[in-house]
Amino acid sequence: MERRNVTVLGAGLAGCEAAWQLSRRGFPVTLYEMKPQKFSPAHHSQGFAELICSNSFKASRIDSAAGLLKEEMRRLGSLLVACARQSAVPAGGALAVDREAFSQLVTQAIEGDPRITVVREEVTDLPDGPVIVATGPLTSEPLSQKLQALCGDSLSFFDAAAPIVTRESLDMDHCFAASRYGRGDQEGEEGDYLNCPLNKEEYEAFVTELVGAQRAPVHSFDVRDPQVYEGCMPIEVLASRGHDAIRFGPMKPVGLRDPRTGHRPWAVLQLRTENRERTLFNLVGFQTNLKFGEQKRVFGMIPALRNAEFVRYGVMHRNTFLNSPQLLHADYSFRGRPELFFAGQITGVEGYMESASSGLLAGINLARRLEGKEPLVLPETTMMGALARYMSGYEGKDFQPMGANFGVLPPLPEKIRDKRQRYGALAQRGLSDLESCCRDMDEPLLASAAGAEVEERV
């Protein structure tokens, strides 16, 4: 049986995952990527699956929401999870990657696939035939206009990225290495995080300057009255909510003890490694829209960063997503055009792996549709299924992006007081239901095959 060619728009995390899944099922794919012909305001690399904000894919343990999501993806043969594990850097209990190595692995896998044809040019209209739109939250203006005409009203919010500094420029006399609560630390080794403590006076002076610092102007590609999504709140916006707001947020000192004093600091900035060589560090939770000079001045008030070299300043950019409950089914297909699918942040999922997971399901389901099979709609007890159902079935008035969390899963029939045990039970239930669903739907689990194929290719 001859397989129809599928068009995938966008070689970000969702687009690459979708193209990979279609190819695994024997479908030829034409993958369009406008880089390097044209870059969005937030992208700089020519590689696929470029990570814009953090380099972390969040927690690895299965009894966490992020860990459960990645394990479900792994069992379904995810390309992105396989590449992330191969490019991992130390990050305590989290899966963080060397972002350049990660992008390179994904790019090599996609470009080396004989069934995937990569076309590096901008697409300004929706093609005919089977299509997956995974152009992301910064979809170019011509295509955005076409989508607006097709979809009607959409929503926008602003996303912010944190700065990156060099390790050699840090004042190590004012740093200590440790993960929160010692998770992932090994005796005799430097912890996965560098911690920059502040005493009460230093913290209060820092917050005062942070709140009063000059912010960058809103650019032409953004709207005039931005909605700031809570998950990517700029540090200066959060600080303006109260003097202690960030001390109970990204600068919380709980689970940390300064070895110089033997006590918990008043506040702490955590730095997470960006690469295997541990030469670059990300300011955790410090997404910002301050002017570059203000970032250097204000963040330099933190003792460990007084002479810090910034290799990337924080930036703020537009994110756009569809009103998906009115437009999409739980298999990520568009209501009214059965062979048109959407994937990634444009659907209203929030987070790297959440975006990739939607691409994975969109790719599987478009393949199943072209084969005349029923869609693979995962149970709401799975993290992937719960996110898909939230995206397609949200009934509230104000649809907002959603990342992986246990709150989207239905509760267990029995009450378990211990949170870790409860999360473990939710995860085991979800994985069991995933296996049963795939078995009933005759959808093969490709985990080992996908991982082996990626390793062989790259």
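Of all DSSP-defined beta bridges confined to the chain, some 65% are antiparallel rather than parallel.
Counting alpha carbon pairs within less than 8 Å and at least 6 residues apart, what relative contact order, in whole percent, applies to the chain? Could you put the intermediate results ahead of the total?
Details: 949 pairs, mean separation 103.5, N = 458.
Relative contact order, the chain: 23 percent.
At R0 = 30 Å, how high is the FRET efficiency between LYS415 and ALA205 if r is their beta carbon distance? Nearest 0.05 is fine. Intermediate values should be presented prior to the final figure.
Values: r = 47 Å, r/R0 = 1.56.
Result of the calculation: an efficiency of 0.05.
Looking at segment 20-161 alone, DSSP beta bridges between its own residues are antiparallel in about 50 percent of cases.
Net length available on complete extension from ASP244 to GLU339 is 29.2 nm, with 0.36 nm assigned per residue and the Cα-Cα distance removed. Summing Cβ point charges (Lys, Arg +1; Asp, Glu -1) relative to the Cα centre of segment 63-127 gives a dipole of roughly 280 debye. Stretching the chain fully between GLU374 and GLN214 yields a gain of 52.2 nm (0.36 nm per residue, less the alpha carbon separation). Close Lys pairs in the chain, defined as Cα atoms under 26 Å apart and 8 or more places apart or on different chains, number 16. Solvent-accessible area per residue in the chain equals 42 Å², computed with a 1.4 angstrom probe and all protein chains kept.
Over the chain, what percent of the accessible surface lies on carbon and sulfur atoms, probe 1.4 Å? If you can, show how the numbers build up before the last one.
Numbers: 9230 of 19310 Å².
Carbon and sulfur together cover 48 percent of it.
Using only Cα atoms, locate the centre of segment 300-358 and the centre of segment 240-254, then give the distance between them in Å, rounded to an integer. One Cα centre to the other: 25 Å.
Taking 10 °C and 1.306 mPa s as the conditions, I'd like the Stokes-Einstein D for segment 1-135 in µm²/s, using the Kirkwood hydrodynamic radius from alpha carbon pairs. Don't skip to the answer; put the middle values down first.
On the way: Rh = 15.6 Å.
D = 102 µm²/s.
Normalised by residue number, the volume inside the convex hull of the Cα atoms of the chain is 152 Å³ per residue.
The values are calculated or read from the model by the stated rules, or taken from the named source; none is laboratory data. Small disclaimer: the values here were computed from a predicted structure and weren't measured. So basically every Cβ, Gly included, is an ideal-geometry build from the backbone, and we count neighbours across all protein chains shown. What goes into the accessible areas is simple: the full protein's heavy atoms, side chains included, and nothing from ligands, DNA or RNA. Shrake-Rupley method; radii C 1.70, N 1.55, O 1.52, S 1.80 Å.
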